[in-house]
Structure formats: C-alpha cells, structure tokens
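> Take this structure first; my questions come after.
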Amino acid sequence: MEQQPGRQSQEVTDTGLACLVMLARFHNVAASPEQLAHEFAADGRALSTPDL
C-alpha cells in the first residue's frame, strides 16, 4: 500500500524498547512492549536511556 504525498504515518517504533523486549524474550522473560510503554513511557514518548 502506497502512502499519499503529504501524509505521514503516525506510528513510530521505540527501537530501544523493541530491543529490550527482544533481549528479555531471548532470556525467556515474558515482556510486552505495549505494557512496558504503558507503565514507563511519559505521554507516548519513546523511553529514554535511563528508563530502559
């Protein structure tokens, strides 16, 4: 599906959070990026380095 000119996707991936979840899952620790973002992210922003 092609985006129309002038329109931007509103969904932004928090790559730090995604990496943290992948690392947790590698070590068999249940982790959900949605739950972690809900608990620790401020106003829908990406988690900062100290937050991670």
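Read-outs: derived from the displayed coordinates by stated rules, not from any lab. Fair warning: this is a prediction, and the values are worked out from it, not measured in the lab. Glycine also receives a Cβ, built like all others from the backbone with ideal geometry; neighbour counts cover every protein chain displayed.
> Filter region 20-52 for residues that are of a type in the set (V, I, T) and in contact (Cβ under 8 Å) with a residue 24 or more places away in the chain and give the result.
T49 - this is the single residue of region 20-52 that is of a type in the set (V, I, T) and in contact (Cβ under 8 Å) with a residue 24 or more places away in the chain.
> Could I ask something else about it? For region 9-31, enumerate the residues that are part of a loop (DSSP other than H, G, I, E, B), surrounded by fewer than 11 Cβ atoms within 10 Å (Cβ to Cβ) and either touching a Gly at 6+ places or on another chain (Cβ under 6 Å) or of a type outside the set (A, V, I, L, M, F, W, C) (or both).
Listed by number, the residues that qualify are S9, Q10, E11, T13, H27, N28.
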